[in-house]
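The values are calculated or read from the model by the stated rules, or taken from the named source; none is laboratory data. Computed from a predicted model, the values in this text were never measured in an experiment. A quick note on method: Cβ atoms are made from the backbone with ideal geometry, for glycine too, and the neighbour counts reach across all protein chains shown. Areas reflect the complete protein model, heavy atoms only, side chains present, ligands, DNA and RNA absent. Shrake-Rupley method; radii C 1.70, N 1.55, O 1.52, S 1.80 Å.
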Amino acid sequence: MLAPADSAPSVDPVRYRPPAPLRVNPLDTSDRAAVRALMDLKAYVFQFPRVSEDDIDATIARYTEPGNRVSVVQEQQRPVASFYSFDTSLSVPGGAAVPADAISGVVVLPTHKRRGLLSGWIRADIEAAHERGAVACALYASEAGIYGRFGFGISTGVATATLDVRRGTFQPAGTGSVHIVTGAEALEVLPQVARQAQLANAGSIEPLAAVWRAATQQTPGLPQEDRQRWFAVHHDEAGNPDGVLGYTLADHWESGRGGSTVTLHTLYAASSLAERQLWAHAASIDFTTTVVCSMATADIGLPWWVSDPRAVTFGPIWDGEWTRILDVPAALSARRYPNAAAVTVQVLDDLGPAQGRYRLEVDPSGVGVCTRCESSVDEPDLTLGVAALSSLWLAGGAGVPSLTTLVDTGRVHLRDPHALPALAALFSWPTPARALTHF
């Protein structure tokens, strides 16, 4: 998650340095005191509990994984801001994944805002990621009104799904089996299952190994509620693992009747059937009256998996993952499309990487090839900023602005307004974008 950014003047993203007497340096992960100071900074800004020694060990393990970058701004040898990003892959419609730069844990003390720290850092990270060959950047924002000015667009929506078990029972669904396992057993299959689930859901990153260890309780220093997690693995008809669920149980009795809530925390499923049966498992636990998942989307088929669709309610839908395209030809060529088409796109990018005019040609099989073209060639069929293109790229869904909305609000201009239905169909996909891993 990102802390609120600050207003800042235009800066050179390569030569950016914080204003004196502030200094920016990579975090020395061999210095436990420095790591603790950084963790305390994050605890203060994000209002988390102070860290323990076990927390420091887990943080060092995460920060020292390959492709991780952590830097801090210091004043009088104390950290006042930090920036963290890591290399990953991001899935796109059609089952492929592209190299990506994930930005996380960006914080600045209230006493040091409005100095251009985060603005400079983000610009520098975008340029560095582009140079490394990342196709896009991705992040979660603590405030939704900030990161559009850096070219980020909302790409996935998030909603809390609540199932009233007393009103909706699951309909029989196919074959497969669910087994209750230990955290260590879940960890054995989680990398494989998570990769399958990632490719089946556009908008998902490949999580760090440290995230897997924490999710399955293999990391010390977890909050008490995380230590109460239970796990289940779904196997397909052939006996292959294709789903992992982590959940907690909240015991509650009133007037001699059980009324427990099952809260889903980790859910990776390579198929809709696996996800459906893992939900059914959670609902079948004795004394359970409610199943809650705060990482769901309003597009999942849960209401139709149970006997009474009204047994399912969705909380407010808000922005989940934001993405920012860096390499337009690579981004648009990587995904698949539902129909053949040929369109010219003019992309506006104040920071530079995505700026230009591009030709996207999609064959009848849905394979697209995007190339840069001269500005004098082919009048653009649509003109839009990189933030709007980033929202369209992964096919959206509930909580993500559609092409119609982007046109209505002036963020996309169509050469021919009558082309809207065809273009909306082109950037759609049968399954909506969905981020399975929070970072």
**Per-region count, the stretch 68-97, residues β-branched (Val, Ile, Thr) and either over 29 Å from Pro432 (Cα atoms) or over 15 Å from the mean Cα position of the chain (by Cα) (or both)** = 4
**Prompt:** With respect to Asp12, is the statement that it is part of a loop (DSSP other than H, G, I, E, B), at pLDDT 90 or above and either surrounded by 12 or more Cβ atoms within 10 Å (Cβ to Cβ) or among the acidic types (Asp, Glu) (or both) true?
**Reply:** no
**Fill in**
Wholly inside the stretch 264-337, helices (runs of 4 or more DSSP H) that include 3 or more residues that are in contact with a Gly (Cβ under 8 Å, 6 or more places away or on another chain) are 272-284, 328-334
**Scan of the stretch 173-196 for residues that are out of contact with any strand residue (DSSP E or B) (no Cβ under 8 Å at 6 or more places or on another chain), in a loop (DSSP other than H, G, I, E, B) and open to solvent by 60 Å² or more (accessible area, probe 1.4 Å), ordered by number** = Gly174, Thr175
**Request:** Could you please let me know if Thr313 is buried (at least 17 other Cβ atoms within 10 Å of the Cβ) and not charged (D, E, K, R)?
**Result:** no
**Request:** Search the stretch 316-345 for residues being surrounded by fewer than 19 Cβ atoms within 10 Å (Cβ to Cβ) and in contact with a Pro (Cβ under 7 Å, 6 or more places away or on another chain), and hand back the single one that is farthest from Val377 (Cα to Cα).
**Result:** Arg336
**Message:** Take the conditions touching a Leu at 6+ places or on another chain (Cβ under 8 Å), open to solvent by 10 Å² or more (accessible area, probe 1.4 Å) and in a helix (DSSP H, G or I) and apply them to Arg149. Does it pass?
**Reply:** no
**Message:** I'd like to know if the stretch 93-109 contains one or more residues that are at pLDDT below 90, out of contact with any strand residue (DSSP E or B) (no Cβ under 7 Å at 6 or more places or on another chain) and part of a loop (DSSP other than H, G, I, E, B).
**Reply:** no
**Request:** Please list, ordered by first then second residue, the pairs with beta carbon atoms under 8 Å, 6 or more apart or interchain, first in the stretch 182-195 and free of Cβ contacts under 8 Å to residues at least 24 places away in the same chain, second assigned to a helix (DSSP H, G or I).
**Result:** Pro191/Ala209; Pro191/Trp212
**Prompt:** What about Gly396, is it of a type in the set (Gly, Ala, Ser), within 25 Å of Glu143 (Cβ to Cβ), open to solvent by less than 30 Å² (accessible area, probe 1.4 Å) and not in a helix (DSSP H, G or I)?
**Reply:** yes
**Request:** Report yes if Thr261 is among the polar types (S, T, N, Q), free of Cβ contacts under 8 Å to residues at least 60 places away in the same chain and open to solvent by 20 Å² or more (accessible area, probe 1.4 Å), otherwise no.
**Result:** yes
**Request:** From Ala124, Ala138, grab the single residue that is surrounded by fewer than 24 Cβ atoms within 10 Å (Cβ to Cβ), small (Gly, Ala, Ser) and touching a residue at least 24 places away in the same chain (Cβ under 8 Å).
**Result:** Ala124
**Message:** Could you tell me how many of the residues in the stretch 151-181 are in contact (Cβ under 8 Å) with a residue 24 or more places away in the chain and either among the acidic types (Asp, Glu) or farther than 21 Å from Asp319 by Cα (or both)?
**Reply:** 18
**Message:** I'd like to verify a number: residues in the stretch 49-82 that are assigned to a helix (DSSP H, G or I), at pLDDT 90 or above and surrounded by 21 or more Cβ atoms within 10 Å (Cβ to Cβ), how many?
**Reply:** 0
**Request:** Could you tell me whether the stretch 91-103 includes any residue that is of a type in the set (D, E, K, R) and under 17 Å from Tyr147 (Cβ atoms)?
**Result:** yes
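Each row is one residue, and each column tells you yes or no for (1) of a type outside the set (A, V, I, L, M, F, W, C); (2) closer than 30 Å to Arg229 by Cα.
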| site | (1), (2) |
| --- | --- |
| Ile122 | no, no |
| Glu131 | yes, no |
| Cys137 | no, no |
| Ala144 | no, no |
| Gly148 | yes, no |
| Ala161 | no, yes |
| Arg166 | yes, yes |
| Gly176 | yes, yes |
| Ile180 | no, yes |
**Prompt:** Got at least one residue in the stretch 197-209 being in a helix (DSSP H, G or I), modelled with pLDDT under 95 and under 25 Å from Val328 (Cβ atoms)?
**Reply:** no
